[in-house]
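**Q** If you scroll down you'll find the structure; I have some questions about it.
The values are calculated or read from the model by the stated rules, or taken from the named source; none is laboratory data. If you're wondering where the values come from, they're calculated on a predicted model, not measured in any experiment. Positions of Cβ are generated from backbone atoms using ideal geometry, with glycine treated the same way; all protein chains shown enter the neighbour counts.
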2 protein chains.
Amino acid sequence: MIQMAIMGFGTIGSGVYDVVNTNRDVIRKNLGGEELDVKYVLDLREFPGKPVEKVLVHDVNTIMEDPEVKIVVETMGGVEPAFTFVSRALKAGKSVATSNKELVAKKGVELMELAKENHASFLFGASVGGGIPIIRPLVRCLTADRIEEVAGILNGTTNYILTKMDQEGTSFEAALKEAQDNGFAEKNPEADVEGYDAGRKIAILSSLVLGKSVNFEDIYTEGISAITATDFKYARALGWSIKLVASGKIVDGKVYAMVAPHLVKPEHPLYAVNDVFNAVMVHGNMVDDVMFYGRGAGSHATASAVMADVVEEAANLGKTLPVSWSAEHQEVAPVASSEKQFLVRVKGGAERETVLAQAFGEGQLVQAEGVTGEIAYLTPVMTEEAFGKAAETVEDVIGRIRVK
Amino acid sequence: MIQMAIMGFGTIGSGVYDVVNTNRDVIRKNLGGEELDVKYVLDLREFPGKPVEKVLVHDVNTIMEDPEVKIVVETMGGVEPAFTFVSRALKAGKSVATSNKELVAKKGVELMELAKENHASFLFGASVGGGIPIIRPLVRCLTADRIEEVAGILNGTTNYILTKMDQEGTSFEAALKEAQDNGFAEKNPEADVEGYDAGRKIAILSSLVLGKSVNFEDIYTEGISAITATDFKYARALGWSIKLVASGKIVDGKVYAMVAPHLVKPEHPLYAVNDVFNAVMVHGNMVDDVMFYGRGAGSHATASAVMADVVEEAANLGKTLPVSWSAEHQEVAPVASSEKQFLVRVKGGAERETVLAQAFGEGQLVQAEGVTGEIAYLTPVMTEEAFGKAAETVEDVIGRIRVK
């Protein structure tokens, strides 16, 4: 019998508790006959009458001081007190599995070091992409490939909003309201809508691929709050869609990372990823594009990923599983030098083509049904810097979207 | 230095050779600094002037009798002599990685047993889905889930043909011809077109999930050669597509497995998988649907998967990696008891609705643009047996397609 504890009985923590109890036999089989059980659940609240009551504790010391507890699941969220608790668990030689992307993005390296020092593991498969197996395949499966790009739809809330805007022609505000009403967006949606959540996740994936620390503060992040129904009309005219794409890539030895809305073409694997679904596309120099797709959030889906980590830790007690990156800082190249195509919207009509071609180089005029008084222009591939300078020379620019 | 040998220098074997040489540094890093090299390549042909010449051998004994060779890659295809060679390698304590689905579907259990007896590994990650990491995620990542269904587009040739038919309205024959001209279909396309290739692959995936041997001969297999441009017109009228779906699922403890063309709705993850791409959807009772997508064939993509197996074997020499199923036979439930919706095409017009509703139960009449003299009817969910019996009572049935 291997005993575990769950810290935080919210959406994900209660999901973990459910998975352990519902799939007891599957887990036992995958552990070669060894039973896994939850000895404690830590939460400040009471849950009178619920099964969890039997194992509920309010004092973290109960968990830390019990040598029978070999694995601790952290599903509290936020950096503190999660960091303090996880550190203590690792120092006590307990392995930890977490779904907390903030913790991993901010304190991951320290915790990986602590795990190593104490012959324990620190796994965080559920911190990116919810239930989608992505971290393990990236680290364990594509081992003969040079990973050149990771690009994903890593935030379900914004993808839900963009899908609504695309399919129903609604405004950003109306789609956000609907997402909030349906429980897909928080009251304060800033972390999702402004791309911070996706930024933390792409920082984690980039760090894993590169083996060095990519700080999420270094990643250029642009949210979706400026995307309008008119943008989608242009997308439709082109047969494309608009997605919040988080990407990290290596070009000529330089690392580029960005979170921003992008026009996505139908032939790109991310094009068909709709609603609250997440997907991560990985490009290897041999395997080409592979994509992992699934529910990026939700109680049981995320808990499934947490428990996959727990099962691996349970099978490897006393060892440190090598899912980590070094403390060495990975520089991110300035966005200005990143190369893209852009769709730029300007006031006026087709008569502006000459001016636009002069400013941006030879491109394509885009007219959209139901849009008047303005026109769009698809530029050639150029650096962000060159685009910015060119755009300054053009009058009446309304906005621009990058093209994936 | 760990030495390996490649048996068969065809499309995939030469890809493996390329991957080892191109990504030498990546592989060394993933092996913790240990170098991996190709000591021998076995092929009957000569390759004068090519780099491979230096390591080319024509006699399999050179490989088998060299104790320095720790890992053997089998990329010859077919059951013999592959089976004899792989058996010899395993008996000599060498680990084997193969891309040969025929060998795995037919002789997998024997080879897994041999590997275990000789403290070696037999891995076959490239035998299903080419470069897509699917076997390892299925076995190693979804370890806390009860897998209830695996459904995939597992054959690139048929998916290419169906995509052409869908997008260009061409006939099956014309699309097949184009696939052959472009090198996506073989001169004798039977194994692909009749679904046998997909059947072997779903037998492998089902065996892995169930831990018992599913014989591909027990799997009901229907190819795409009877699919017509008219079928696609009905699909378009419904907003759906037609895909050759290979699936294995567990319902009430019974195992169902089938390869057949299915109408697929846009909300299904397989809907957007086009051209030569493959994808495998896995449904777990906790994680819900996850999907793995990528190139199901091709020299470097498939070689990437072979080499991921080799890297894992190299890191675990002297051990048997537990990717296997038992010799115990897994019964497949008769197709007759499988439940589905059907689209049935009959001669006539809307006046046939009453007859169709009487025969099949309450359903939906489907008229398609450009189709005259016939009409289609979407049945309620019913068993294959009930459908068959009902169809016998109806005059002038033209055909039917299952709905996923």
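**Q** Take region B:326-366 and flag every residue that is of a type in the set (S, T, N, Q) and part of a strand (DSSP E or B).
**A** To start, the set of residues in region B:326-366 that are of a type in the set (S, T, N, Q) comprises B:326, B:330, B:337-338, B:341, B:354, B:358, B:364.
B:341, B:364 - these are the residues of region B:326-366 that are of a type in the set (S, T, N, Q) and part of a strand (DSSP E or B).
**Q** Just give me the residues in region A:376-404 being within 17 Å of residue A:239 (Cα to Cα) and either loosely packed, with under 15 Cβ neighbours inside 10 Å or in contact with an Asp or Glu (Cβ under 8 Å, 6 or more places away or on another chain) (or both), in sequence order.
**A** The answer is A:377, A:401.
**Q** On to the next question. Test each condition in (1) over 24 Å from residue A:205 (Cα atoms); (2) modelled with pLDDT of 95 or more; (3) within 14 Å of another protein chain (Cβ to nearest Cβ) for residue A:167 and report the one that comes out false.
**A** Checking residue A:167 against (1) over 24 Å from residue A:205 (Cα atoms); (2) modelled with pLDDT of 95 or more; (3) within 14 Å of another protein chain (Cβ to nearest Cβ), the one that fails is (2).
**Q** Of (1) within 12 Å of another protein chain (Cβ to nearest Cβ); (2) crowded, with 20+ Cβ neighbours inside 10 Å, residue B:315 satisfies all except one. Which?
**A** (2)
**Q** State all residues of region A:114-145 that are assigned to a helix (DSSP H, G or I) and away from chain B (no Cβ under 12 Å); if no residue qualifies, say none.
**A** Pass one, region A:114-145, residues assigned to a helix (DSSP H, G or I): A:114-117, A:125-127, A:135-141.
Listed by number, the residues that qualify are A:114, A:115, A:116, A:117, A:127.
**Q** From the list A:306, A:323, which residue is touching a Ser or Thr at 6+ places or on another chain (Cβ under 9 Å), assigned to a loop (DSSP other than H, G, I, E, B) and in contact (Cβ under 8 Å) with a residue 60 or more places away in the chain?
**A** Values: A:306 fails: assigned to a loop (DSSP other than H, G, I, E, B).
Exactly one residue qualifies, and that residue is A:323.
**Q** Which of the following residues is touching a strand residue (DSSP E or B) at 6+ places or on another chain (Cβ under 8 Å) and closer than 17 Å to residue A:300 by Cα: A:6, A:12, A:2?
**A** Numbers: A:12 fails: touching a strand residue (DSSP E or B) at 6+ places or on another chain (Cβ under 8 Å); A:2 fails: closer than 17 Å to residue A:300 by Cα.
None of the others qualify; the one that does is A:6.
**Q** Would you call residue B:88 more than 19 Å from residue B:213 (Cα to Cα) and either crowded, with 20+ Cβ neighbours inside 10 Å or more than 15 Å from the chain's Cα centre (by Cα) (or both)?
**A** Details: more than 19 Å from residue B:213 (Cα to Cα): yes; either crowded, with 20+ Cβ neighbours inside 10 Å or more than 15 Å from the chain's Cα centre (by Cα) (or both): yes.
Yes, satisfied.
**Q** Please state which of the following conditions residue A:148 fails to meet, knowing it meets all the rest: (1) surrounded by fewer than 22 Cβ atoms within 10 Å (Cβ to Cβ); (2) away from chain B (no Cβ under 14 Å); (3) at pLDDT 95 or above; (4) under 27 Å from residue A:324 (Cβ atoms).
**A** Just one mismatch for residue A:148, condition (2).
**Q** It is to be established whether one or more residues within region A:142-151 are under 16 Å from the mean Cα position of the chain (by Cα) and not charged (D, E, K, R). Break it down into steps so the answer makes sense when it comes.
**A** Taking region A:142-151 and keeping what is under 16 Å from the mean Cα position of the chain (by Cα), we get A:149-151.
Filter once more, keeping what is not charged (D, E, K, R): A:150-151.
Looking through region A:142-151, at least one residue is under 16 Å from the mean Cα position of the chain (by Cα) and not charged (D, E, K, R).
**Q** Could I ask something else about it? Please work out which residue is nearest to residue B:252 (Cα to Cα), limiting yourself to region B:286-301 and to residues that are facing chain A (nearest Cβ under 7 Å) and not in a strand (DSSP E or B). Outline the logic, then answer.
**A** Keep residues of region B:286-301 that are facing chain A (nearest Cβ under 7 Å), which gives B:286-295, B:300-301.
Add one more test, that the residue is not in a strand (DSSP E or B), and what stays is B:286-287, B:300-301.
Working: B:286: 17, B:287: 19, B:300: 41, B:301: 37 Å.
Looking at the filtered set, the residue picked out is B:286.
**Q** Using the structure shown, decide if residue A:109 is within 21 Å of residue A:198 (Cβ to Cβ), more than 14 Å from every other protein chain (Cβ to nearest Cβ) and surrounded by fewer than 24 Cβ atoms within 10 Å (Cβ to Cβ).
**A** On the way: within 21 Å of residue A:198 (Cβ to Cβ): yes; more than 14 Å from every other protein chain (Cβ to nearest Cβ): yes; surrounded by fewer than 24 Cβ atoms within 10 Å (Cβ to Cβ): yes.
Yes.
**Q** Something else: Restricting to region B:252-282, name every residue that is within 23 Å of residue B:137 (Cα to Cα), in a loop (DSSP other than H, G, I, E, B) and of a type outside the set (Val, Ile, Thr).
**A** B:268, B:269, B:270, B:271, B:272, B:274
**Q** Here's something else I'd like to know. Restricting the search to region B:124-159, which residues are more than 20 Å from residue A:32 (Cβ to Cβ) and of a type in the set (A, V, I, L, M, F, W, C)? Break it down into steps so the answer makes sense when it comes.
**A** In the first step, residues of region B:124-159 are kept if they are more than 20 Å from residue A:32 (Cβ to Cβ); the result is B:124-134, B:148-159.
B:124, B:126, B:128, B:132, B:134, B:150, B:151, B:153, B:154 - these are the residues of region B:124-159 that are more than 20 Å from residue A:32 (Cβ to Cβ) and of a type in the set (A, V, I, L, M, F, W, C).
**Q** Also, I was wondering about something else. Would you mind stating whether residue A:18 is within 14 Å of chain B (Cβ to nearest Cβ) and without any contact (Cβ under 8 Å) to a residue 24 or more places away in the chain?
**A** Details: within 14 Å of chain B (Cβ to nearest Cβ): yes; without any contact (Cβ under 8 Å) to a residue 24 or more places away in the chain: no.
When the stated conditions are applied, residue A:18 does not pass them.
**Q** Shifting gears a bit: Within region A:273-303, how many residues are out of contact with any Gly (no Cβ under 6 Å at 6 or more places or on another chain), touching a residue at least 60 places away in the same chain (Cβ under 8 Å) and not hydrophobic (A, V, I, L, M, F, W, C)?
**A** Residues flagged as out of contact with any Gly (no Cβ under 6 Å at 6 or more places or on another chain), touching a residue at least 60 places away in the same chain (Cβ under 8 Å) and not hydrophobic (A, V, I, L, M, F, W, C) within region A:273-303 amount to 7.
**Q** Considering region B:1-42 alone, what residues qualify as being surrounded by fewer than 20 Cβ atoms within 10 Å (Cβ to Cβ), of a type outside the set (Val, Ile, Thr) and over 16 Å from residue B:311 (Cα atoms)?
**A** Once the filter is applied, which keeps residues that are surrounded by fewer than 20 Cβ atoms within 10 Å (Cβ to Cβ), of a type outside the set (Val, Ile, Thr) and over 16 Å from residue B:311 (Cα atoms), region B:1-42 yields only B:10.
Residues are listed down the side, and each one gets a yes or a no for (1) more than 20 Å from residue A:257 (Cα to Cα); (2) at pLDDT below 95; (3) surrounded by fewer than 24 Cβ atoms within 10 Å (Cβ to Cβ):
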| residue | (1), (2), (3) |
| --- | --- |
| A:97 | yes, no, no |
| A:123 | yes, no, no |
| A:130 | yes, yes, no |
| A:163 | yes, no, yes |
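**Q** Just to be sure, is residue B:263 hydrophobic (A, V, I, L, M, F, W, C), modelled with pLDDT of 95 or more and either surrounded by fewer than 20 Cβ atoms within 10 Å (Cβ to Cβ) or touching a Gly at 6+ places or on another chain (Cβ under 9 Å) (or both)? First the steps, then the outcome.
**A** On the way: hydrophobic (A, V, I, L, M, F, W, C): yes; modelled with pLDDT of 95 or more: yes; either surrounded by fewer than 20 Cβ atoms within 10 Å (Cβ to Cβ) or touching a Gly at 6+ places or on another chain (Cβ under 9 Å) (or both): no.
It is false that residue B:263 is hydrophobic (A, V, I, L, M, F, W, C), modelled with pLDDT of 95 or more and either surrounded by fewer than 20 Cβ atoms within 10 Å (Cβ to Cβ) or touching a Gly at 6+ places or on another chain (Cβ under 9 Å) (or both).
**Q** Among (1) within 13 Å of another protein chain (Cβ to nearest Cβ); (2) surrounded by fewer than 15 Cβ atoms within 10 Å (Cβ to Cβ); (3) not small (Gly, Ala, Ser), which single condition is residue A:270 missing?
**A** (2)
**Q** Show the residue pairs that are 6+ apart or on different chains and have beta-carbon atoms under 7 Å apart, the first residue being within region B:1-12 and farther than 12 Å from residue B:100 by Cβ, the second being modelled with pLDDT under 95 and small (Gly, Ala, Ser).
**A** Taking only residues 6 or more apart or on different chains, the pairs are B:11/B:299.
**Q** Would you say residue B:280 is modelled with pLDDT of 95 or more and more than 7 Å from every other protein chain (Cβ to nearest Cβ)? Reasoning before the result, please.
**A** On the way: modelled with pLDDT of 95 or more: yes; more than 7 Å from every other protein chain (Cβ to nearest Cβ): yes.
The answer is yes for residue B:280.
**Q** Any chance you could count how many residues in region A:337-378 are among the polar types (S, T, N, Q) and more than 34 Å from the chain's Cα centre (by Cα)? Give the derivation first.
**A** Of region A:337-378, the ones among the polar types (S, T, N, Q) are A:337-338, A:341, A:354, A:358, A:364, A:367, A:372.
Checking the rest, the ones that are also more than 34 Å from the chain's Cα centre (by Cα) come to A:354, A:358, A:372.
Total meeting the criteria: 3.
**Q** Looking at residue B:191, is it farther than 16 Å from residue B:101 by Cα and either assigned to a strand (DSSP E or B) or in the same structural domain as residue B:254 (by TED's automatic domain parsing) (or both)? Talk me through it step by step, then tell me what you get.
**A** Values: farther than 16 Å from residue B:101 by Cα: no; either assigned to a strand (DSSP E or B) or in the same structural domain as residue B:254 (by TED's automatic domain parsing) (or both): yes.
For residue B:191, the condition - farther than 16 Å from residue B:101 by Cα and either assigned to a strand (DSSP E or B) or in the same structural domain as residue B:254 (by TED's automatic domain parsing) (or both) - is not met.
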